[in-house]
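Comments concern the structure below.
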Amino acid sequence: MNKQQKIIFTLSLISGIALKSTAYATEVSTDPYEDNLLAHWGGLRDRLSDAGVDVTVEYKTDVWSNLSGGIKQGNSYLDNLDIKVALDGNKLFGITGNRSLVYFLNNDGSHPNARQVGSMQGIDNIEVRTDTAKLYELWTEQSFLNEKWSVLVGLHDLNSEFMVSDMTANFMKPVFQVNQEFAQTGRNGPSIFPTTSLAGRIKYLPTDESYMMFAVFGGVAGDPNRPHGTHIDLRSRDGLLLIAEAGLTPKTADQGDSTLNKFALGAWAYTKKFDDLVDVDNARNPIKRRSEGMYLLSSYQFYHDTIAGHYLGAFFRAGTGDGNTKQVDWFYATGIVGKGWVPTRFDSEIGFGFTQSHNGDKYMRSVVAAGSSADHDEYGINLYYRDTLYSGIRIEPNVQYIINPGTDPQLGNATVIGVRLDINF
C-alpha cells in the first residue's frame, strides 16, 4: 500500500466510524475494557490478567497537510504501533511489590516535519528519523517499605516518568511532552521516544501527593550509527545522563489514573562534555563544556463540574539549557485544556497551546560565523479536538501554525492541519 492509498484508507475509515459515533456517545458502559476495541479478546485478556500478564496493543495513524509556508506544501502519512506486556511479579512469582514491562515499538510512514515544515519543535510526536521496529523498553521495578520507595532498572523511557504533564498528553506537537532545550541534547537525543538507553531509577513518596526521584541513564541512547532496531552500548566513553525531579500532585475530582494538578522542578546533566559552539582553545579545537539544565512543570484544574462532567485546566512548562553546546537555551509552553464541553460529547477534549523556543547567543554567533543567518525564536500555536468515536477508537483533528520554522529566515510561517486515528485494541 503506497502513501496515497494509506491516506485514502485512513480517511475512509475515519468517515465510516464517524457515522456510528453519535449512538456511542450516549451509552454508559460498566465494562472494565470499554476503552478497548476488541474488549475481552474472547476471555483471553481476563485469563492473562488473572495470571499477572496485561497486554496493551495501540495503533496510531496520522495524516498531515502543509497548506502554506515551511519547506514545501504537500500531504503525508505516518503511523505508530505500541505493544506493551505488563507483568505483575506478585501474581507470577509471588514477589510482592514487583512489576515489569516489555514494550515493542514500530514506526512507519513519511516525514511531514522533516520534509515539508522544517520546525525545530516538530509537529507530530510519532515522527521519527528512521522507520523501524524495536524493543523499546524492558525493565523491572521493585517497591518496598509500604511502597514508599521503589527502584527500577532496565531499558527505560525517561519521559515516561520525568518531565511528564498528564494535562498536555494529548497534544500531538512533541514539545508539549518533552521540552525543546532537553530533547536536543546528547549524541542521539536523551533516552526518550523513539530510542532509549539502560537506566537505574530510585523514587521516594513522602506522602500520597508528593514524590522525589533520581535516575542515571546511558549517555547515548541506542547507536547513532545503527538507527534500525534496538542497540545497547555499555561503553564508558559515552558517559551518563543524570536527572532528578521533585513534585507535588494534589488530588483532583474524578482524576482516575491521571494527575492533572502538578507542580514539579527538575534538573539534568551529562557527565561527558560536548564541543562548545563557538569557543576554541589555542590549537583551535572546540573547548569541551558541560551540557546541563533545569525545568519546571505546572498544571492546575481550576474548574470542574462533576454533574455536567466537564473541566478546565491550565498548564505551563519551561526549561533552560546551558546555551554553550546546543541551539536552544530556553523554552516554554503554556495553554488550556477542557473536557466535556461539547454538548452530548462527554468524552470530548479541546486543547490550545502556545510554545516558544529561543536560540542561544552562541548558536546565533556560530550561524553568523558560518556566513548565514537565523531568527532568534520559533513560535508554535496548536489547537486540537479529541473525541471517542467507538470503544477504543479516538479521533483527533489538529491545527498548527508555526512562526519562523527552524528559525530559518528563508522559510515562511507554516500552517499545517492533521488528523489522528488512535485505536486501542
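Extending 7 Å from the Cα toward the beta-carbon at both residue 50 and residue 132 defines two label points whose distance is 4.1 nm. Across segment 413-420, computed HN-Hα scalar couplings (Karplus, 6.51 cos²θ - 1.76 cosθ + 1.60, θ = phi - 60°) run 4, 9, 10, 10, 10, x, 8, 10 Hz from first to last residue, x flagging Gly and Pro. Which pairs in the list 60/339; 60/326; 84/272; 134/339 are over 24 Å apart, alpha-carbon to alpha-carbon? Pairs exceeding the cut-off: 60/326; 84/272; 134/339. Which of rounded, prolate or oblate describes segment 213-277 when judged by the alpha-carbon gyration tensor and an a/c cut-off of 1.5? Prolate is the answer for segment 213-277, as a/c is 1.5 or above and a/b outweighs b/c.
How big is the dipole moment of the chain about its Cα centre under a simple scheme where the beta carbon of each Lys and Arg is +1, that of each Asp and Glu is -1, and everything else is neutral? Debye, nearest 20, please. Before the final figure, lay out the partial values.
On the way: 38 positive and 49 negative charges, 194 e Å.
The dipole magnitude comes to about 940 debye.
Packing here is the average count of other Cβ atoms within 10 Å per residue, and on that basis the peptides 77-88, 303-314, highest first, run 77-88, 303-314. For a label point 7 Å from the Cα of residue 336 along Cα→C-beta, name the residues of segment 351-374 whose backbone N is under 14 Å from it. Answer for this model: 351-354. Dipole of the chain computed with +1 at Lys/Arg Cβ and -1 at Asp/Glu Cβ about the Cα centre; of 390, 142, 236, farthest Cα towards the positive end is 236.
Within the set of other residues whose C-beta is less than 9 Å from the C-beta of residue 137, count the net charge using Lys and Arg as +1 and Asp and Glu as -1. Don't skip to the end; give the middle numbers.
Numbers: positive: 84; negative: 157.
With Lys, Arg at +1 and Asp, Glu at -1, the net is 0.
Shown is the FRET efficiency for residue 145 and residue 34, computed with R0 = 30 Å from the Cβ-Cβ distance and rounded to the nearest 0.05: 0.25. At what distance in nm do the modelled label points of residue 233 and residue 58 sit from each other, each positioned 7 Å from its Cα along Cα→Cβ? Here the modelled spin labels are 3.0 nm apart.
Rounded, prolate or oblate, given the Cα gyration tensor of the chain, with a/c below 1.5 counting as rounded? Oblate, since a/c reaches 1.5 and b/c is not below a/b. Here the Karplus relation 6.51 cos²θ - 1.76 cosθ + 1.60, evaluated at θ = phi - 60°, turns the backbone of segment 210-223 into coupling constants of 8, 7, 9, 8, 9, 9, 10, 10, x, x, 10, 7, x, 10 Hz, with x for every Gly and Pro.
Here's how it looks for residue 154: its modeled amide H is under 5 Å from those of 199, which are all 5 or more places away or on a different chain. For the listed peptides 140-148, 121-129, a ranking on the average number of other beta carbons within 10 Å per residue, highest first, reads 121-129, 140-148. Take every Cα pair under 8 Å whose residues are at least 6 apart in sequence, average their separation, divide by the length of segment 3-424, and the relative contact order is 16 percent. With both labels modelled 7 Å from their Cα along Cα-to-Cβ, the residue 273 to residue 115 distance reads 4.1 nm. At R0 = 25 Å, how high is the FRET efficiency between residue 283 and residue 153 if r is their beta carbon distance? Nearest 0.05 is fine. Efficiency for this residue pair is about 0.05. When you count the other C-beta atoms within 10 angstrom of each residue and take the mean per peptide, 356-363, 202-209 line up highest first as 356-363, 202-209.
Using 0.36 nm times the number of residues separating residue 216 and residue 84, minus their current alpha carbon distance, what extension gain do you get? Before the final figure, lay out the partial values.
On the way: separation 132, 0.36 × 132 = 47.52 nm, distance 2.33 nm.
Additional length available on full extension: 45.2 nm.
Across segment 163-170, rounded Karplus estimates of 3J(HN,Hα) from the backbone phi angles (6.51 cos²θ - 1.76 cosθ + 1.60, θ = phi - 60°) give 6, 9, 10, 4, 5, 9, 5, 9 Hz, Gly and Pro being marked x.
Values in this text are rule-based calculations from the coordinates and carry no lab data. The shown structure was predicted, so the numbers you read here are calculated from the model rather than taken from an experiment. Cβ atoms come from the backbone with ideal geometry, glycine included; neighbour counts cover every protein chain shown.
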